[in-house]
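The values are calculated or read from the model by the stated rules, or taken from the named source; none is laboratory data. As the structure is a prediction and not an experimental result, all values here were calculated from the model. Here the Cβ is made from the backbone with ideal geometry for all residues, glycine too, and neighbour counts use every protein chain on show. For the accessible areas, the whole protein counts, side chains as well, though only heavy atoms, and no ligand, DNA or RNA atoms are used. Shrake-Rupley method; radii C 1.70, N 1.55, O 1.52, S 1.80 Å.
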Amino acid sequence: MIIEALFQIDADCPYCEHTFKTSRVRSSFKRPYKMDSDFCPHYKEDRPNPDFYVVRVCPKCGCASTEHATKRWLPHQRVAFEAKVAKQWQSREYGGERSWEIALETYQLALVTAQAISESQRVIAGLLHHMAWLFRYRGAEELEKRYLQFALDAYINTYEQEWRDQNDAKLIYMIGEMHLRLSQYNDAAKCFARIIHDKRIMDASVIRAAREQWVVMRERMAADKLGEPDVKLEEKSTKLKYISG
């Protein structure tokens, strides 16, 4: 018996309440052969990429969202979406197999939806980050960096405006990792040092990752002949312009 990699589930549209089909990748096929330091998974080309199927698109109204998006919309969100998306939408189907191009289109639709309803910055950051991964898969370095910067800005907004737990190690790590990938070394150093030194941060795996990326950061700075970062691991004060102790 041959098991298909894709299967379909029902999804409910938060705008028009239409129930539609969307495809997912079976868990047995979700085995990346490597994972980047910003958690971007890489899959063999003979298998479907689960990231291509993250976004669900309602064929009736064009509402595109992920599992992390707002499920119940307020009246003003419905009005905004109708004006910016639904009125211009022409019915299209995204429930089947997706190419790289179609996957990118679904993320673009999800970003338009999120911006129309003023979705949380965390959700927007995730969409932008996944779009950067799509460009990474294609080796489009400039576009990848462009979207990494967009994602970084949204992650910083998440930390400043939305996140209650100011010791969220994973969010601080991701901000640091984005800075590192964009060669913003001193800002990266502040984030990694914060994770390593802050006694309130107890996540051992994130602390280990921050130490590993600190080494990577110093190697890249040395290769670029930039010397040492402004922040040293021996220093206990690692206050940041947007992350304070």
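So here's what we get for this one:
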| item | result |
| --- | --- |
| Residues of the range 100-131 satisfying the condition of being among the aromatic types (Phe, Trp, Tyr) and surrounded by 20 or more Cβ atoms within 10 Å (Cβ to Cβ) | Tyr107 |
| Residue selected from the range 85-98 under the condition without any contact (Cβ under 8 Å) to a residue 40 or more places away in the chain and not aromatic (Phe, Trp, Tyr), by the criterion least open to solvent (accessible area, probe 1.4 Å) | Val85 |
| Single condition His76 does not satisfy, out of (1) of a type outside the set (Val, Ile, Thr); (2) in a loop (DSSP other than H, G, I, E, B); (3) without any contact (Cβ under 8 Å) to a residue 24 or more places away in the chain | (2) |
| Boolean, Glu82 is open to solvent by 60 Å² or more (accessible area, probe 1.4 Å) and not in a helix (DSSP H, G or I) | no |
| Complete set of residues in the range 12-51 that are surrounded by 15 or more Cβ atoms within 10 Å (Cβ to Cβ), touching a Gly at 6+ places or on another chain (Cβ under 9 Å) and either among the basic types (Lys, Arg) or not in a loop (DSSP other than H, G, I, E, B) (or both) | Phe20, Thr22, Ser23 |
| Residues (in contact with a Leu (Cβ under 8 Å, 6 or more places away or on another chain) and open to solvent by 10 Å² or more (accessible area, probe 1.4 Å)) located in the range 144-186 | Lys145, Tyr147, Gln149, Phe150, Tyr155, Trp163, Arg181, Leu182, Tyr185 |
| Top-ranked residue in the range 204-227 [being surrounded by fewer than 12 Cβ atoms within 10 Å (Cβ to Cβ) and at pLDDT below 90; ranked as nearest to the chain's Cα centre (by Cα)] | Asp224 |
| Those residues of the range 49-85 which are among the small types (Gly, Ala, Ser) and either over 23 Å from Trp100 (Cα atoms) or within 14 Å of the chain's Cα centre (by Cα) (or both), in sequence order | Ser65, Ala69, Ala80, Ala83 |
| Among residues of the range 132-143, those that are among the small types (Gly, Ala, Ser) and surrounded by fewer than 22 Cβ atoms within 10 Å (Cβ to Cβ), counted | 2 |
| Condition check for Ser118: at pLDDT 95 or above and out of contact with any Leu (no Cβ under 9 Å at 6 or more places or on another chain) | yes |
| Residues of the range 98-123 that turn out to be farther than 26 Å from Glu162 by Cα and out of contact with any helix residue (DSSP H, G or I) (no Cβ under 9 Å at 6 or more places or on another chain), as a count | 2 |
